[in-house]
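What follows is one structure encoded as structure tokens, with my remarks underneath.
FYI, it's all coordinate maths here, none of it is from the lab. Fair warning: this is a prediction, and the values are worked out from it, not measured in the lab.
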Amino acid sequence: MILENSAKGQKYFHHQDSHHPHRHTGSATPAISVQKSGTREIKVVRRVLDVNEKMAEENRRLFTQKGVFVLNVMSSPGSGKTTTLEKTLIKIMPEVKCAVIVGDICTTHDADRLATTGVPVVQVNTDAFGGDCHLAAHVIEKAAGGLDLDDIDLLIVENVGNLVCPAEFDIGEDSRVVVLSVTEGEDKPVKYPLMFRECEVALLNKIDLLPHLDYDKHKAIEFIHQIHPDMPVFEISARTAEGFDPWIKWLKGRIRDKIG
Ligand SMILES: Nc1nc2c(ncn2[C@@H]2O[C@H](COP(=O)(O)OP(=O)(O)O)[C@@H](O)[C@H]2O)c(=O)[nH]1
Ligand SMILES: [Mg+2]
Ligand SMILES: [Zn+2]
């Protein structure tokens with residue numbers, strides 16, 4: 001792992017996930033009954049996730065001890081995570097002291113964008129040795145080491161753009177949010193059920209585009225609730241900031257529940 005400074009001064013590092021064979025089982029609790037790849041692979045996958053669980057619990061203990069609420073933000077590439085976070089940060093600071101860890105395979109583009117809001121940002125690049133498509137707990141532990149946790153109430157993690165395996169890796173967060181944009185089609189919740197089952201709340205983004213699309217918003221919400229009944233869904237436009245107030249209220253409530 002190489003810690004460097006990006007063009008605009010925020011920290012970033014390349015990450016080699018040496019104990020991750022980069023295989024995913026498609027389940028948060030890989031079952032021994034998944035026999036297709038042979039017993040040996042199943043054993044490996046189980047061990048990797050066990051190691052991750054332990055590390056995630058250590059992270060969770062540290063974040064709780066430091067009074068930090070951690071939000072893990074996930075979605076497919078381009079649904080609007082970074083834009084949503086830019087607007088969220090503007091609305092929630094300085095009342096809530098924030099920091100961001102952002103994961104991408106390459107580039108510091110998102111870190112550069114988020115740093116303009118004035119928050120401390122750590123960029124994780126997973127490209128150097130295989131380009132991991134998710135953030136694992138030990139990566140978060142390293143990245144958090146570059147932040148002053150005593151001075152942070154809310155740590156936001158923008159995960160690598162991917163609707164599949166980020167949902168399998170506990171990073172020690174308090175809450176998970178999935179961003180789904182109206183340009184992705186209504187059926188993504190039923191195609192990627194683990195993500196929607198594992199997240200606490202969904203942000204339905206880019207609603208400013210609805211007049212231009214044949215998108216059935218009610219159908220999308222119905223699909224979400226088919227996978228995760230009663231999941232709160234906030235309809236937002238990260239472009240115009242429409243619909244942000246209920247989302248910000250929800251987030252502040254969750255932070256207050258943890259750190260007072
Ligand atoms: N029209 C519209 N475009 C958006 C919205 N949110 C994000 N975008 C655009 O979608 C693209 C991807 O956004 P970005 O935040 O980088 O997505 P990420 O890959 O999930 O972080 C960019 O061109 C954004 O300007 C929105 O609410 N409405
Ligand atoms: Mg982004
Ligand atoms: Zn992955």
Whether the stretch 99-205 is rounded, prolate or oblate, judged on the alpha carbon gyration tensor where a/c under 1.5 counts as rounded: prolate
Among the listed pairs LYS66/LYS249; LYS206/LYS252; LYS188/LYS252; LYS54/LYS219; LYS66/LYS191, those beyond 32 Å (Cα-Cα): LYS54/LYS219; LYS66/LYS191
Tensor-based shape of the stretch 209-254 (alpha-carbon gyration tensor, a/c under 1.5 rounded, otherwise prolate or oblate): oblate
